[in-house]
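Down below is the structure, laid out as structure tokens.
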Amino acid sequence: MTRRTNLIDLAVGRLRQQITSGAWEVGTRIPAEPELTELIGVGRNTVREAVQSLVHAGMLERRQGSGTYVLSNSELGNAMGRQIAGAHQRDVLEVRRSLEVEAARLAAQRRTPEQVTELRRLRDTRASAYASGELDAMVTADLALHRTIAQAAHNPVLLALYENLQDAIGENIRFNFEHPVHDDDSHDALVEAIAAADAVSAMAEIDDYLSDLIGTDQVDLAAEEQAG
């Protein structure tokens, strides 16, 4: 690898770090080229190529006459977003079931006392939002609860996948609220199963809930867990 290529890779890495660390937030304009050359310690041509690399990756966006703005803080999220744009709700639900059943199982085994407290708080917030009938509040509260379950699983790969699918999951949650299937939309049993470290029940609760939305025969997870 040439020294030139090394410098570009270094510049890309430092620019990416500014974005992923939150130093440059999504929607904000990044510094102009002279400031970037000082920040990174490379020449303008190298900075220009590094910025262009992140434009191609979907993390930055050039706006004519305005500058360059942070478009996304995740290259993975952009790639996944392009793949699932316009996906059928059933397909998203099937992916959600794969991730959320495992997240519930791991959360029941690994959650901390503080996370149990937070899950119960979010469950109550979700219930209040549901009672209000305010769709945006319902979607926000439901997504926050499921994301916290993914956090409580303490698996960084699972959490990264879930977070990078949040836009699609949020739209799916909205669709499900607009086209209700469940008479009782409470997540009490799910949260309490996690709190009680009951992995079998936690898995069954989220599988039953999502399987109803998918409209397929439900899997007897408890029997599978015992057989395994």
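Which one of these does Leu10 not meet: (1) touching a residue at least 40 places away in the same chain (Cβ under 8 Å); (2) open to solvent by 50 Å² or more (accessible area, probe 1.4 Å)?
Leu10 satisfies every listed condition except (1).
Between a first residue in region 181-201 that is closer than 14 Å to Ala153 by Cα and a second residue that is assigned to a loop (DSSP other than H, G, I, E, B) and of a type outside the set (Val, Ile, Thr), which pairs have beta carbons less than 6 Å apart while being 6 or more apart in sequence or on different chains?
Filtered contacts from region 181-201: Ile194/Arg111.
Which numbered condition trips up Val157, out of (1) open to solvent by 60 Å² or more (accessible area, probe 1.4 Å); (2) aliphatic (A, V, I, L, M); (3) modelled with pLDDT of 95 or more?
So Val157 meets the others, but not (3).
When residues of region 40-56 are filtered for being buried (at least 17 other Cβ atoms within 10 Å of the Cβ) and touching an Asp or Glu at 6+ places or on another chain (Cβ under 6 Å), how many remain?
Residues meeting the conditions: 1.
Name the single residue, out of those in region 1-16 being in a helix (DSSP H, G or I) and over 21 Å from Asn73 (Cα atoms), that is modelled with the highest pLDDT.
Residues of region 1-16 in a helix (DSSP H, G or I): 3-16.
Narrowing further to those that are over 21 Å from Asn73 (Cα atoms): 3-7.
On the way: Arg3: 63, Arg4: 65, Thr5: 73, Asn6: 84, Leu7: 87.
Top of the filtered list is Leu7.
Within region 81-107, can you find the residues that are loosely packed, with under 13 Cβ neighbours inside 10 Å and either under 16 Å from Ala150 (Cβ atoms) or at pLDDT below 85 (or both)?
Once the filter is applied, which keeps residues that are loosely packed, with under 13 Cβ neighbours inside 10 Å and either under 16 Å from Ala150 (Cβ atoms) or at pLDDT below 85 (or both), region 81-107 yields Arg82, Gln83, Ala85, Gly86, Ser98.
Looking at region 17-39, can you tell me whether even one residue there is at pLDDT below 90, part of a helix (DSSP H, G or I), surrounded by 15 or more Cβ atoms within 10 Å (Cβ to Cβ) and among the β-branched types (Val, Ile, Thr)?
Looking through region 17-39, at least one residue is at pLDDT below 90, part of a helix (DSSP H, G or I), surrounded by 15 or more Cβ atoms within 10 Å (Cβ to Cβ) and among the β-branched types (Val, Ile, Thr).
Anything in region 171-189 that is of a type outside the set (Gly, Ala, Ser), over 20 Å from the mean Cα position of the chain (by Cα), under 24 Å from Thr117 (Cβ atoms) and in a helix (DSSP H, G or I)? List them, or say none.
Answer for region 171-189, where residues must be of a type outside the set (Gly, Ala, Ser), over 20 Å from the mean Cα position of the chain (by Cα), under 24 Å from Thr117 (Cβ atoms) and in a helix (DSSP H, G or I): just Asp188.
Here is a list: Leu190, Leu159, Leu145. Which entry is of a type outside the set (Phe, Trp, Tyr), under 12 Å from Ala107 (Cβ atoms) and in contact with an Asp or Glu (Cβ under 6 Å, 6 or more places away or on another chain)? If you could, list the steps in order and put the result at the bottom.
Working: Leu159 fails: in contact with an Asp or Glu (Cβ under 6 Å, 6 or more places away or on another chain); Leu145 fails: in contact with an Asp or Glu (Cβ under 6 Å, 6 or more places away or on another chain).
Result of the check over Leu190, Leu159, Leu145: Leu190.
Quick one: Arg126 ticks every box in (1) of a type in the set (D, E, K, R); (2) modelled with pLDDT under 90; (3) crowded, with 16+ Cβ neighbours inside 10 Å bar one, so which box is it?
Here Arg126 meets the rest and fails (2).
Report yes if Thr117 is under 25 Å from Ala197 (Cα atoms), without any contact (Cβ under 8 Å) to a residue 40 or more places away in the chain and surrounded by fewer than 16 Cβ atoms within 10 Å (Cβ to Cβ), otherwise no.
Numbers: under 25 Å from Ala197 (Cα atoms): yes; without any contact (Cβ under 8 Å) to a residue 40 or more places away in the chain: yes; surrounded by fewer than 16 Cβ atoms within 10 Å (Cβ to Cβ): yes.
Against the criterion (under 25 Å from Ala197 (Cα atoms), without any contact (Cβ under 8 Å) to a residue 40 or more places away in the chain and surrounded by fewer than 16 Cβ atoms within 10 Å (Cβ to Cβ)), Thr117 qualifies.
Based on this model, can you work out whether Arg105 counts as in contact with an Asp or Glu (Cβ under 8 Å, 6 or more places away or on another chain), charged (D, E, K, R) and under 15 Å from Val191 (Cβ atoms)? Steps first, answer last, please.
Numbers: in contact with an Asp or Glu (Cβ under 8 Å, 6 or more places away or on another chain): no; charged (D, E, K, R): yes; under 15 Å from Val191 (Cβ atoms): yes.
It is false that Arg105 is in contact with an Asp or Glu (Cβ under 8 Å, 6 or more places away or on another chain), charged (D, E, K, R) and under 15 Å from Val191 (Cβ atoms).
The values are calculated or read from the model by the stated rules, or taken from the named source; none is laboratory data. Keep in mind that this is a model prediction, so the values were computed, not measured. When we count neighbours, we look across all protein chains shown, and the Cβ atoms used for this are built from the backbone with ideal geometry, even at glycine. Please note that ligands, DNA and RNA were not included when accessible areas were found on the heavy atoms of the full protein model with its side chains. Shrake-Rupley method; radii C 1.70, N 1.55, O 1.52, S 1.80 Å.
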